[in-house]
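> Input: one structure, supplied below.
The values are calculated or read from the model by the stated rules, or taken from the named source; none is laboratory data. It should be emphasised that the depicted structure is a prediction, and the values quoted were computed from it without experimental measurement. Because the Cβ atoms are built from the backbone with ideal geometry, glycine has one as well, and the counts that use them run over all protein chains shown. Calculation scope for accessible area: heavy atoms of the full protein, side chains included, ligands and nucleic acids excluded. Shrake-Rupley method; radii C 1.70, N 1.55, O 1.52, S 1.80 Å.
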There are 2 protein chains.
Amino acid sequence: MEEVDHLAHERIKAQFDVDAMKVVWAGSKHALDVADRMARLVASDPVFRKDNRPMLARKELFKNTLKKAAHAWKRINELRLTEEEASTLRVLVDEPSYVDLHWGMFVPAIKGQGTDKQQKKWLPLAYKMQIIGCYAQTELGHGSNVQGLETTATFDPKTDEFIIHSPTLTSSKWWPGGLGKVSTHAVVYAHLITEGKDHGVHGFIVQLRSLDNHSPLPGITIGDIGTKFGNGAYNTMDNGVLRFDHVRIPRSQMLMRVSQVTREGKFIVSDVPRQLVYGTMVYVRQTIVSDASRALSRAVCIAVRYSAVRRQFGSQDGGPETQVIDYKTQQSRLFPLLASAYAFRFVGEWLKWLYADVTQRLQANDFSTLPEAHACTAGLKSLTTSATADGIEECRKLCGGHGYLCSSGLPELFAVYVPTCTYEGDNVVLLLQVARFLMKTVSQLGSGKQPVGTTAYMGRAHHLMQYKCDVRGAEDWLKPSVILQAFEARAVRLAVNCAQNISKAPSPEEGFSELSADLVEAAVAHCQLIVVSKFIKKVQQDIPGLGVKEQLQILCNIYALSVLHKHLGEFLATGCITPRQGSLANDQLRYLYSQIRPNAVALVDAFNYTDHYLGSVLGRYDGNVYPKLEEEAWKDPLNDSVVPDGYHEYIQPVLKQKFRLSRL
Amino acid sequence: MEEVDHLAHERIKAQFDVDAMKVVWAGSKHALDVADRMARLVASDPVFRKDNRPMLARKELFKNTLKKAAHAWKRINELRLTEEEASTLRVLVDEPSYVDLHWGMFVPAIKGQGTDKQQKKWLPLAYKMQIIGCYAQTELGHGSNVQGLETTATFDPKTDEFIIHSPTLTSSKWWPGGLGKVSTHAVVYAHLITEGKDHGVHGFIVQLRSLDNHSPLPGITIGDIGTKFGNGAYNTMDNGVLRFDHVRIPRSQMLMRVSQVTREGKFIVSDVPRQLVYGTMVYVRQTIVSDASRALSRAVCIAVRYSAVRRQFGSQDGGPETQVIDYKTQQSRLFPLLASAYAFRFVGEWLKWLYADVTQRLQANDFSTLPEAHACTAGLKSLTTSATADGIEECRKLCGGHGYLCSSGLPELFAVYVPTCTYEGDNVVLLLQVARFLMKTVSQLGSGKQPVGTTAYMGRAHHLMQYKCDVRGAEDWLKPSVILQAFEARAVRLAVNCAQNISKAPSPEEGFSELSADLVEAAVAHCQLIVVSKFIKKVQQDIPGLGVKEQLQILCNIYALSVLHKHLGEFLATGCITPRQGSLANDQLRYLYSQIRPNAVALVDAFNYTDHYLGSVLGRYDGNVYPKLEEEAWKDPLNDSVVPDGYHEYIQPVLKQKFRLSRL
């Protein structure tokens, strides 16, 4: 079989060491090595095939996922994989399943909220998957507002048990992944009621299904909540609905690290600081930001490669048409996304550091940085996931009509990604949390309390309110200090404007609510500044490899200046820059596009994704797109027969005029 | 059965006559009546059921579509429906099928490009559906660039036939709807070659399948191109792939209205003006703009109703939580989309007039307005379809987690809608056409040639370049003249800026290409001005019905000011308004949201969509969302059994530790 690299002419153009960039992207030589080995393992195993996913009906699709999950677990055991290897392998299997919730939510909930004794009892069972758990928080009528949950856990001192109950239709647990068909256990969130008093929402370990025959236990009704966006996508997951009819569990199954109920039914708050919960949130959101860069980079990889393969218009004297990646309209949509993928990768890396820092401080009983860390991760979760969801769809459109085919991989990537904008904190609700923190920070500026971490720049508010950008030529926009100050000035001015307008309202709460759309914009500006500043910091480090640092510098500038162009109104309205300076930034941006152009394909090669993982005919490494598109097409079940099922009943009668004539 | 209207408290708030608004939305009392009757007909017929669509595998789904198409045709005949009624019924069946291409592309192609004789032969067959046709233009390697098609039609004078041939893999016809499994005929676009010379791309009527047994004719290979975005969506359509191996057709099957090939093989251009083709384009794009307002209004209807049903946070003293439609963040995302739905409805109505006007002029051999009409429809197609695709997804997000369920109707609405951004002219390619026309208009300004139609304002370029907005208070932004002039000034200045920058380039073509991203922005500004100005014109008409005009005025202002806010950077950078004036516009916008709020539910009721047509549990007219969500969930095939298929093979072995222990 002839193997031709249709993108060889692109790869030869690269002005940097792709292997060195792979290490930068992966985070370390070790991480690259693990990812590489696991990716090959998955790609070479036929059980992990996924190209047939969009053609399967729900039941087959789900059964196939169960098969993959079991097979992955088998391989993890057989090969005695480390925890790092195992979790990498699960990511690369690339199919949402109950396993994600078991490892990603059930185990961490017990770790974070269980006492040592509870951990000792439950974690070994979970680690061996002798029990499979999920995380049952949201309800049919209740999402973002956790305190609004209706499920109750009422202590019965007579039997030393909690009675878990769903008092209304809207109190049905709804959405938990892994719940619908698989989980044997769940951490259930419910209002704790003891001695006639409601003590707020707490977590309880509840067994749902028999370990013998998998039937739901008495008093428990469970089902799947039905199909979701996309052909394959999250339809591989058994998101579930769950109703409790006075289900009794031992008192010992309340997660009691932070608060306890005694044998007598007394509610006690332990001396373990509640802030610990925020530590877990920082961890989960850091993972989400990492996943954002992963999802966006996949879409960008597909769109960049196919834009280099695809030609349209501009044929000179019968020669080949122009590669679409050479069109400025294509570049101005595609390259900012390429830059965003890198930007999110590095801010995710920084969040890992932040999580370690927060954990260390918590262990030393230092809670001072926690509110800032919490706001920062909330904001970055929101910013990166929204940009990624939009970015994937933009990449799909950048692939023209063929991006609409499932074989492009992009429809499924979009459908499987978008819920990230809603779960673990709705993106708008999170931005309002950030805004609330910013307003608090502004209000304390006069008090001498210095803002910390990502809000430190607000300590220079006075200076930044006066600041005038001194850009006089397009190349001035390449200076990190110029970019940083413009972003800082914009963020601080938007925040201060909001604070001033709120102060004119009858009450702060009314003002906050009335101005919430503006507050969201201020929060976004703050978060974009964080991403820009962390990218700049990254680029200022020593980075080995020929030309690697130079490419990252260009990407960093593209990210910053494309954000500036998109939000030009805010930079101008706050007087941070002049229209002329905005126009120079745009000139510089165009020039940066032409600089990154020859390196584009190599920059997506650096993600080191296998064709299996990409799951896209358009994004194939070898660029051999068109023959493979046809190959995929012929696999469709509709092509099983030349004359389609239904011809005799529904086509022939039309053609043969079996119906009376109309007035048409 | 108890029937409660959970949204009655909303409907009672409306400050206008909903029935009168229904007439405005429909366009006339007659149109409303037809739509209403057809909608009931479809909704009451169990064959047209569509709630099970996302659960069907491809083959069943497709067969079910064939059934609906045949049934619709049967009903159209039985009830002797008029053409208007029949086409309305087809729209309301709401399922893409071969029928769309037959009536929407095949018939119009013959009408537009066939000679009288050809029309007399083929149209009666098509009208009776004795033949079923599709439109085979795009190829695997060729989309936007029609002249780049590779299929050839070579005249053979010996037999008086054309030989249709696919010389390469990339020349396979690819995408045509109805081609894959159903069509008996196609209008095929191919390079006409006669006397050894290529005369460009022309249309040919080619029979594809036997009318006896539906088998592809000799030399013809056809298949379906595989699954596409979404569960149901366009998977009901047999988009196809088609290869010709020297297929012969009679010379008489070349569509010869505009040019002919004689018996001897001479290529002749008739005196019928080629511009006629543009007339058809204006027609097709006007339809697309109408469809945009329809799709967007559906999504908005769902999101508005569910936002009024859904409550989250803000419970006071144990009372109910706040309706999410009362949050300013929700309003600032939702109400501009509500306003856009109305804006696109009215610009679509105006395009209908434009098409009639163009047709009349063409018949009088007046081609003077054609380039402007062509640019204008191209731009509006692009603007409205992009905004609608994004708007549907935004509505989905505005419904929180439940918007991700297929039972919300929004995933399928999005998936079925997005290809509109690509087909009938890629949206970016179209904007570049608009930009080219704008640059031409600017360059002719000095020549005394007065711009016409939607570019007439450019005749006042000199004045508009000097213009300074005189807004001093938020209420000044309610004046139509203020809004219009700001939009005109912005559009003209962006266009003139581009023209000036292009003139600095080594050549106009290089300049145009280098600045194409800016040109796209200028084109968008021009198109937004058109939408705003047509909305203003509509509102200035006499509109009967209590409070109807007032509501439309508010919507018009919301549309204009939300566009201004979103593109603030351009208004400021071009000096059309000051930062202070931008801020006043934003204040006014917030106030307008509070004015429209009590009318929101009634304004979507005015679309007069049945629950069947909406196909959304969240958008139900009666607001009875939660019990129905559960009902839908239980219908999922996964809920056929309590213990899922695959338990014994893939879950039990995990739980029972059938794999060796890992290092974990």
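> Name every residue in the stretch B:112-131 that is part of a helix (DSSP H, G or I) and either polar (S, T, N, Q) or within 14 Å of chain A (Cβ to nearest Cβ) (or both), in order of residue number. Step through it out loud before you land on a result.
Of the stretch B:112-131, the ones part of a helix (DSSP H, G or I) are B:112-113, B:116-127.
Those that are part of a helix (DSSP H, G or I) and either polar (S, T, N, Q) or within 14 Å of chain A (Cβ to nearest Cβ) (or both): B:113, B:118, B:119, B:123, B:124, B:125, B:126, B:127.
> From the list B:191, B:185, which residue is crowded, with 22+ Cβ neighbours inside 10 Å and at negative phi?
Exactly one of B:191, B:185 is crowded, with 22+ Cβ neighbours inside 10 Å and at negative phi, namely B:185.
> Within the stretch A:635-648, restricting attention to residues that are among the acidic types (Asp, Glu) and at the interface with chain B (Cβ under 7 Å from one of its Cβ atoms), which residue is least open to solvent (accessible area, probe 1.4 Å)?
A:636
> What number of residues within the stretch B:318-345 are out of contact with any Lys or Arg (no Cβ under 9 Å at 6 or more places or on another chain) and closer than 25 Å to residue A:142 by Cα?
6
> Among residues belonging to the stretch A:111-135 that are touching a Leu at 6+ places or on another chain (Cβ under 6 Å) and open to solvent by less than 40 Å² (accessible area, probe 1.4 Å), point out the one that is farthest from residue A:284 (Cα to Cα).
In this case the residue turns out to be A:131.
Every residue, every condition in (1) within 14 Å of chain B (Cβ to nearest Cβ); (2) outside any helix (DSSP H, G or I); (3) farther than 30 Å from residue A:334 by Cα; (4) free of Cβ contacts under 8 Å to residues at least 40 places away in the same chain, yes or no:
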| site | (1), (2), (3), (4) |
| --- | --- |
| A:367 | no, yes, yes, no |
| A:374 | no, no, yes, no |
| A:378 | no, no, no, no |
| A:384 | no, no, no, no |
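> Moving on to the next point. Given the options A:300, A:272, A:282, name the one that is over 26 Å from residue A:337 (Cβ atoms), touching a residue at least 24 places away in the same chain (Cβ under 8 Å) and not in a strand (DSSP E or B).
Details: A:300 fails: over 26 Å from residue A:337 (Cβ atoms); A:272 fails: touching a residue at least 24 places away in the same chain (Cβ under 8 Å).
Selected residue: A:282, the only one of A:300, A:272, A:282 that is over 26 Å from residue A:337 (Cβ atoms), touching a residue at least 24 places away in the same chain (Cβ under 8 Å) and not in a strand (DSSP E or B).
> Given the residues B:521, B:509, B:550, which is the only one that is in contact with a helix residue (DSSP H, G or I) (Cβ under 8 Å, 6 or more places away or on another chain) and either of a type in the set (D, E, K, R) or open to solvent by less than 10 Å² (accessible area, probe 1.4 Å) (or both)? Please lay out each step first, then the result.
On the way: B:509 fails: in contact with a helix residue (DSSP H, G or I) (Cβ under 8 Å, 6 or more places away or on another chain); B:550 fails: in contact with a helix residue (DSSP H, G or I) (Cβ under 8 Å, 6 or more places away or on another chain).
Only one candidate passes the filter, namely B:521.
> Based on this model, can you work out whether residue B:4 counts as open to solvent by 30 Å² or more (accessible area, probe 1.4 Å) and in contact (Cβ under 8 Å) with a residue 40 or more places away in the chain? Walk me through it before giving the result.
On the way: open to solvent by 30 Å² or more (accessible area, probe 1.4 Å): yes; in contact (Cβ under 8 Å) with a residue 40 or more places away in the chain: yes.
Here the answer is yes, as residue B:4 does meet what is asked.
> Which of the residues spanning the stretch B:136-159 are of a type in the set (D, E, K, R), more than 14 Å from residue B:204 (Cβ to Cβ) and surrounded by fewer than 20 Cβ atoms within 10 Å (Cβ to Cβ)? Spell out the reasoning first.
Restricting attention to the stretch B:136-159, the residues satisfying the condition of being of a type in the set (D, E, K, R) are B:139, B:150, B:156, B:158.
Still in the running and more than 14 Å from residue B:204 (Cβ to Cβ): B:139, B:150, B:158.
Hits for the stretch B:136-159 are B:150, B:158.
> From the list A:107, A:99, A:91, exactly one residue is open to solvent by less than 40 Å² (accessible area, probe 1.4 Å), more than 10 Å from chain B (Cβ to nearest Cβ) and at pLDDT 95 or above. Which is it?
Values: A:99 fails: more than 10 Å from chain B (Cβ to nearest Cβ); A:91 fails: open to solvent by less than 40 Å² (accessible area, probe 1.4 Å).
Just a single option satisfies the conditions, and that option is A:107.
> While we're here: Restricting the search to the stretch A:619-634, which residues are open to solvent by 50 Å² or more (accessible area, probe 1.4 Å), in contact (Cβ under 8 Å) with a residue 60 or more places away in the chain and facing chain B (nearest Cβ under 7 Å)?
The answer is none; no residue qualifies.
> Taking the options A:308, A:356, name whichever one is in contact (Cβ under 8 Å) with a residue 60 or more places away in the chain, assigned to a helix (DSSP H, G or I) and not basic (Lys, Arg).
Every option except A:308 fails the conditions.
> So, of the residues in the stretch B:575-598 that are touching a residue at least 60 places away in the same chain (Cβ under 8 Å) and within 16 Å of residue A:576 (Cα to Cα), which turns out to be least open to solvent (accessible area, probe 1.4 Å)?
The selected residue is B:575.
> Within the bounds of the stretch B:201-212, is there any residue that is β-branched (Val, Ile, Thr), open to solvent by 10 Å² or more (accessible area, probe 1.4 Å) and out of contact with any Cys (no Cβ under 8 Å at 6 or more places or on another chain)?
Within the stretch B:201-212, the first condition is being β-branched (Val, Ile, Thr), and the residues that meet it are B:201, B:205-206.
Filter again for open to solvent by 10 Å² or more (accessible area, probe 1.4 Å), leaving B:201.
Filter once more, so that each one left must be out of contact with any Cys (no Cβ under 8 Å at 6 or more places or on another chain): B:201.
For the stretch B:201-212, residues β-branched (Val, Ile, Thr), open to solvent by 10 Å² or more (accessible area, probe 1.4 Å) and out of contact with any Cys (no Cβ under 8 Å at 6 or more places or on another chain): present.
> Applying the selection to the stretch B:22-79, what residues are in contact with a helix residue (DSSP H, G or I) (Cβ under 7 Å, 6 or more places away or on another chain), more than 19 Å from residue B:409 (Cα to Cα), facing chain A (nearest Cβ under 9 Å) and open to solvent by 40 Å² or more (accessible area, probe 1.4 Å)?
B:59, B:67
> Quick check on my filter: what residues within the stretch A:479-491 are in contact with a Phe, Trp or Tyr (Cβ under 7 Å, 6 or more places away or on another chain), closer than 20 Å to residue A:436 by Cα and open to solvent by less than 10 Å² (accessible area, probe 1.4 Å)?
A:489, A:490
> Please determine whether any residue of the stretch A:374-383 is modelled with pLDDT of 95 or more and either open to solvent by 10 Å² or more (accessible area, probe 1.4 Å) or closer than 24 Å to residue A:610 by Cα (or both).
Within the stretch A:374-383, one or more residues are modelled with pLDDT of 95 or more and either open to solvent by 10 Å² or more (accessible area, probe 1.4 Å) or closer than 24 Å to residue A:610 by Cα (or both).
> For the stretch B:321-330, does any single residue satisfy the condition of being basic (Lys, Arg), within 11 Å of another protein chain (Cβ to nearest Cβ) and open to solvent by less than 30 Å² (accessible area, probe 1.4 Å)?
As a first pass, look at the stretch B:321-330 and keep what is basic (Lys, Arg): B:328.
Those still in the list that are within 11 Å of another protein chain (Cβ to nearest Cβ) too: B:328.
Next cut, open to solvent by less than 30 Å² (accessible area, probe 1.4 Å) only: B:328.
So far as the stretch B:321-330 goes, yes, one or more of its residues are basic (Lys, Arg), within 11 Å of another protein chain (Cβ to nearest Cβ) and open to solvent by less than 30 Å² (accessible area, probe 1.4 Å).
> Could you say which residue among A:86, A:14 is at pLDDT 95 or above and farther than 23 Å from residue A:128 by Cα?
On the way: A:86 fails: farther than 23 Å from residue A:128 by Cα.
Result: A:14 is the single residue among A:86, A:14 that is at pLDDT 95 or above and farther than 23 Å from residue A:128 by Cα.
> Inside the stretch B:586-618, can you point out the residues that are among the polar types (S, T, N, Q) and either more than 10 Å from chain A (Cβ to nearest Cβ) or at positive phi (or both)? Before you say what the answer is, go through the steps one by one.
First, the residues of the stretch B:586-618 that are among the polar types (S, T, N, Q): B:586, B:588, B:594-595, B:599, B:608, B:610, B:616.
B:588, B:595, B:599, B:608, B:610, B:616 - these are the residues of the stretch B:586-618 that are among the polar types (S, T, N, Q) and either more than 10 Å from chain A (Cβ to nearest Cβ) or at positive phi (or both).
> Could you count how many residues in the stretch A:64-123 are over 20 Å from residue A:47 (Cβ atoms) and polar (S, T, N, Q)?
Here is the first cut: in the stretch A:64-123, the ones over 20 Å from residue A:47 (Cβ atoms) are A:82-84, A:101, A:104-123.
Filter once more, so that each one left must be polar (S, T, N, Q): A:82, A:113, A:115, A:118-119.
Number of matching residues: 5.
> If I go through the stretch A:403-456 residue by residue, how many of them are more than 30 Å from residue A:299 (Cα to Cα), free of Cβ contacts under 8 Å to residues at least 12 places away in the same chain and in contact with a Phe, Trp or Tyr (Cβ under 9 Å, 6 or more places away or on another chain)?
Counting residues in the stretch A:403-456 that are more than 30 Å from residue A:299 (Cα to Cα), free of Cβ contacts under 8 Å to residues at least 12 places away in the same chain and in contact with a Phe, Trp or Tyr (Cβ under 9 Å, 6 or more places away or on another chain) gives 0.
> If I filter the stretch B:604-663 down to residues being over 45 Å from the mean Cα position of the chain (by Cα), assigned to a loop (DSSP other than H, G, I, E, B) and not small (Gly, Ala, Ser), which single residue comes out as modelled with the lowest pLDDT?
Ranking the candidates gives B:663 first.
> Condition first: among the polar types (S, T, N, Q) and touching a His at 6+ places or on another chain (Cβ under 8 Å). Now tell me which residues in the stretch A:172-183 satisfy that.
Our first condition is that a residue be among the polar types (S, T, N, Q); within the stretch A:172-183, this holds for A:172, A:183.
Scanning the stretch A:172-183 gives a single hit, A:183.
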